[in-house]
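Student: I'd like to ask some things about the structure below.
The values are calculated or read from the model by the stated rules, or taken from the named source; none is laboratory data. Not measured: the values here are computed from a predicted model. All Cβ positions, even for glycine, are placed from backbone atoms using ideal geometry, and neighbour counts span all protein chains on display.
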Amino acid sequence: MPISLIPIREALHVRPGRLFINGNWHDWDGERFEQIQPATNEIMTSFAEAGSEGVGLAVAAARRAFDDGPWPGMRAQDRKRMLQPIVERIYAAEQEIAQLQTLDNGIPFTYSRNSRVSAKAAADIFDHFFGWIDKINGETYPLYSMASNMQYMTFREPVGVVAAILPYNGPVMTFAMKVAPALACGCTVVVKPSEYTNLAVLKLAEIIAESDLPPGVFNIVTGGAETGTALSSHPGIDKVTFTGSPIVGEKITIASVPNMKRLSLELGGKSAAIVFPDADSVAVAATRLMGLCSTFLSGQVCTTPTRAIVHRSIMEEFLHHAAEQVKTVRFGDPFDPATTSAPIISKRQKEKILAYIEQGKREGADLRFGGGTPGGELANGNWIDPVLFANVRNDMTIAREEIFGPVLSVIPFDTEDEAIRIANDSEYGLAGCVYTSNVNRAFRVARAMRSGSIGVNGYASIPNAPMGGIKRSGVGREGGWPTIEAFTELKTINFNLDG
Ligand code: NAD
């Protein structure tokens, strides 16, 4: 019997999606699309394709709320009091949000509930950013020359109307990473979730809609690329905050030019993990690195180190432990606690990954295991057995392009310099890792790797530390004060003290 998620869809009372614009929920009698569950390819429900009409209404509402409403200039304490209850409401609804996120993208419920993409983690992100509200301050400057008697000071003002465009892999966490700082800084916002993952985000929208925000401060439109294009190119938008693929990031950058929209872009990665022979445990490094590709979101995570650069002297040990790790992988009903791994988000993405695996073989990489597509009760879902390629060269396609699936490429090295050169020979620079017990080497290599963030003997992100990419991995940082800077504009006022 193939697995089915219809019973849980019914138990959660999933209903056709609506739009939230100017403080009201709208049914949409225009175009709609169906959201498909990737573990079973069953239809979950339908959502509005807001298109340019829905986007126009939402941006107009957000524009009015920003230009004419009380929100941007509200006193810090009032804004804080209005927003703070959202945190507790997300905590209170975390289980339901986690269930909806699992229905969205098939992430195993255990992870949806207890990882950095969980609703609890999202509540932490809101909590962190709402804590900045009364600390968004400017500076004063000493007089520089005798010629003037001016007092110079800066103010941080909200950047304006923000478009927040989300990916499918961590819909709850990315929603929080964009909406929380936007609201904290006094911006108004129009959110567009990924067309693959609307359920959990609309539940979060319901929670925000319950608060006393002035109409138009928070709006949500659903839809695919057409709606995303309408939103990111709309002249009423001042800033786009986007997490997604580099190719869409490029399109958004081009669309930003006519009115010089501010941009925060969290894009793709092809991150490297360098494993030295003096690592505390080669077994731990291999298990973690293979685990990131094979469990959780099955490699559909931007920061996953998909290139393991492993010293030749420990190669066989590394490969052995990676193969052992894969034996622990279990596919199945995402709500079954035994299930370890998510399906691939769509049939199209599954075919793309399988084509990369074929290309890896054609280019001469050594396929050690994986690449199969399970049948039986899993036959209807988008599953791929986790893949390890050994003896990969860094010029092979599988080492250069972001596959966004369960594929680990293992590249041998002999010297530290060579390992760093291979790690940096990439058009991406999002994250990375170094496994060593030598503190000097850890810092030396972490500093030499060209990436937005590096983990030493492990990797994890938190809401109050910046994270983001260089090169094709993006522009700007999410987390902590740099995010506040990215959602505000600096205004300098010169005050003539001579009157
Ligand atoms: P995607 O780029 O296909 O879609 C992301 C969003 O953009 C969706 O909401 C989509 O509807 C919208 N969109 C599509 N075309 C558009 C257009 N022309 N203009 C405006 N919006 C448009 O990405 P995805 O498949 O949902 O997510 C996977 C990608 O996201 C990977 O590349 C991954 O590395 C990246 N990602 C990065 C981070 C990070 O923090 N750096 C985090 C998660 C995911």
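Student: Keeping to the range 214-223, report how many residues are farther than 22 Å from Gly17 by Cβ and either buried (at least 24 other Cβ atoms within 10 Å of the Cβ) or within 8 Å of the ligand (Cβ to nearest atom) (or both). Please lay out each step first, then the result.
Tutor: Restricting attention to the range 214-223, the residues satisfying the condition of being farther than 22 Å from Gly17 by Cβ are 214.
Retained after the next criterion (residues that are either buried (at least 24 other Cβ atoms within 10 Å of the Cβ) or within 8 Å of the ligand (Cβ to nearest atom) (or both)): none.
Residues in the range 214-223 being farther than 22 Å from Gly17 by Cβ and either buried (at least 24 other Cβ atoms within 10 Å of the Cβ) or within 8 Å of the ligand (Cβ to nearest atom) (or both): 0 in total.
Student: Still on this structure, please answer the following. Within 7 Å of the ligand (Cβ to nearest atom) and among the acidic types (Asp, Glu): is that true of Glu226 in this structure?
Tutor: Working: within 7 Å of the ligand (Cβ to nearest atom): no; among the acidic types (Asp, Glu): yes.
So Glu226 fails the test.
Student: What are the residues in the range 370-397 that are out of contact with any strand residue (DSSP E or B) (no Cβ under 6 Å at 6 or more places or on another chain), surrounded by fewer than 23 Cβ atoms within 10 Å (Cβ to Cβ) and either outside any loop (DSSP other than H, G, I, E, B) or of a type in the set (Val, Ile, Thr) (or both), if any?
Tutor: Thr373, Gly376, Glu377, Leu378, Thr397
Student: Can you find a residue in the range 35-50 that is assigned by TED's automatic domain parsing to the domain that holds Ala163 and assigned to a helix (DSSP H, G or I)?
Tutor: In the first step, residues of the range 35-50 are kept if they are assigned by TED's automatic domain parsing to the domain that holds Ala163; the result is 35-50.
Among the residues that remain, those that are also assigned to a helix (DSSP H, G or I) are: none.
The answer is no, given that none of the residues of the range 35-50 is assigned by TED's automatic domain parsing to the domain that holds Ala163 and assigned to a helix (DSSP H, G or I).
Student: Would the range 452-459 turn up any residue that is buried (at least 24 other Cβ atoms within 10 Å of the Cβ), more than 17 Å from Ser264 (Cβ to Cβ), in the same structural domain as Ile344 (by TED's automatic domain parsing) and out of contact with any Lys or Arg (no Cβ under 7 Å at 6 or more places or on another chain)?
Tutor: Looking through the range 452-459, none of the residues is buried (at least 24 other Cβ atoms within 10 Å of the Cβ), more than 17 Å from Ser264 (Cβ to Cβ), in the same structural domain as Ile344 (by TED's automatic domain parsing) and out of contact with any Lys or Arg (no Cβ under 7 Å at 6 or more places or on another chain).
Student: Only one residue in Gly480, Gly458 is of a type outside the set (A, V, I, L, M), within 22 Å of the chain's Cα centre (by Cα), more than 13 Å from Ile274 (Cβ to Cβ) and within 16 Å of the ligand (Cβ to nearest atom), so which one is that? Explain how you work it out, then say what you get.
Tutor: Values: Gly458 fails: within 16 Å of the ligand (Cβ to nearest atom).
Residue meeting the stated conditions: Gly480.
Student: Failed condition for Arg450, given (1) more than 16 Å from the ligand (Cβ to nearest atom); (2) without any contact (Cβ under 8 Å) to a residue 40 or more places away in the chain; (3) of a type in the set (D, E, K, R), with all others met?
Tutor: (1)
Student: Sticking with this one: Among Tyr152, Tyr111, Tyr91, Tyr144, which is in the same structural domain as Val14 (by TED's automatic domain parsing) and under 17 Å from the mean Cα position of the chain (by Cα)?
Tutor: Details: Tyr152 fails: under 17 Å from the mean Cα position of the chain (by Cα); Tyr91 fails: under 17 Å from the mean Cα position of the chain (by Cα); Tyr144 fails: under 17 Å from the mean Cα position of the chain (by Cα).
Answer to the selection: Tyr111.
Student: Moving on. Run Leu199 past the list (1) within 24 Å of Phe109 (Cβ to Cβ); (2) within 14 Å of the ligand (Cβ to nearest atom); (3) not hydroxyl-bearing (Ser, Thr, Tyr) and report the number of the one that doesn't hold.
Tutor: (2) is the only condition that Leu199 fails.
Student: Under 8 Å between Cβ atoms, which residue pairs at least 6 apart in sequence (or on different chains) link something in the range 154-167 that is more than 16 Å from Thr188 (Cβ to Cβ) with a partner that is away from the ligand (no atom under 16 Å from the Cβ) and among the hydrophobic types (A, V, I, L, M, F, W, C)?
Tutor: Thr154/Leu490; Thr154/Ile493; Phe155/Leu490; Phe155/Ile493; Arg156/Ile136; Arg156/Cys185; Arg156/Ile484; Arg156/Leu490
Quick grid of which residues meet (1) free of Cβ contacts under 8 Å to residues at least 12 places away in the same chain; (2) within 11 Å of the ligand (Cβ to nearest atom); (3) over 30 Å from Glu418 (Cα atoms):
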| residue | (1), (2), (3) |
| --- | --- |
| Pro235 | no, no, yes |
| Thr243 | no, yes, yes |
| Val248 | no, yes, yes |
| Lys251 | no, yes, yes |
| Ile254 | yes, yes, yes |
| Lys261 | no, no, yes |
| Phe276 | no, no, no |
| Ala286 | no, no, no |
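Student: Find all pairs meeting these conditions: Cβ atoms under 6 angstrom apart; at least six residues apart or on different chains; first residue within the range 468-495 and in a strand (DSSP E or B) and modelled with pLDDT of 95 or more; second residue within 15 Å of the ligand (Cβ to nearest atom) and among the hydrophobic types (A, V, I, L, M, F, W, C).
Tutor: Gly474/Leu265; Gly474/Leu267; Val475/Leu263; Val475/Leu265; Glu478/Met177; Glu478/Met467
Student: Follow-up. Taking only the range 172-196 into account, find how many residues are more than 9 Å from the ligand (Cβ to nearest atom) and either in a helix (DSSP H, G or I) or of a type in the set (Phe, Trp, Tyr) (or both). Explain how you work it out, then say what you get.
Tutor: Pass one, the range 172-196, residues more than 9 Å from the ligand (Cβ to nearest atom): 172, 175-176, 178-191.
Now drop any that are not either in a helix (DSSP H, G or I) or of a type in the set (Phe, Trp, Tyr) (or both), which leaves 172, 175-176, 178-184.
Residues that pass the stated criteria total 10.
Student: Which condition breaks for Phe296 when tested against (1) in contact with a strand residue (DSSP E or B) (Cβ under 8 Å, 6 or more places away or on another chain); (2) away from the ligand (no atom under 16 Å from the Cβ); (3) not small (Gly, Ala, Ser)?
Tutor: (2)
Student: Within the range 90-108, is even one residue closer than 24 Å to Ile484 by Cβ and in a helix (DSSP H, G or I)? Show your work before the answer.
Tutor: Keep residues of the range 90-108 that are closer than 24 Å to Ile484 by Cβ, which gives 90-91.
From the residues that got through so far, the ones that are in a helix (DSSP H, G or I) too are 90-91.
Scanning the range 90-108 turns up at least one residue that is closer than 24 Å to Ile484 by Cβ and in a helix (DSSP H, G or I).
Student: What pairs come out if I take residues in the range 207-225 that are at positive phi and pair them with residues that are within 16 Å of the ligand (Cβ to nearest atom) and at pLDDT 95 or above whose C-beta lies under 6 Å away, six or more apart or interchain?
Tutor: Short answer, once both residue conditions are applied: Gly223/Glu49; Gly223/Ala50.
Student: Being β-branched (Val, Ile, Thr) and under 23 Å from the mean Cα position of the chain (by Cα) is the filter here, so list the residues in the range 323-370 that pass it.
Tutor: The initial filter retains those residues of the range 323-370 that are β-branched (Val, Ile, Thr), namely 326, 328-329, 339-340, 344-345, 353, 357.
Of everything in the range 323-370, those that are β-branched (Val, Ile, Thr) and under 23 Å from the mean Cα position of the chain (by Cα) turn out to be Thr339, Thr340, Ile344, Ile345, Ile353.
Student: Next up: Just to check your reading of the model, which residue among Glu266, Glu206 is closer than 29 Å to Ile344 by Cα, modelled with pLDDT of 95 or more, among the acidic types (Asp, Glu) and crowded, with 24+ Cβ neighbours inside 10 Å? It would help to see each step written out before you state the result.
Tutor: On the way: Glu206 fails: crowded, with 24+ Cβ neighbours inside 10 Å.
After ruling out the rest, the residue left standing is Glu266.
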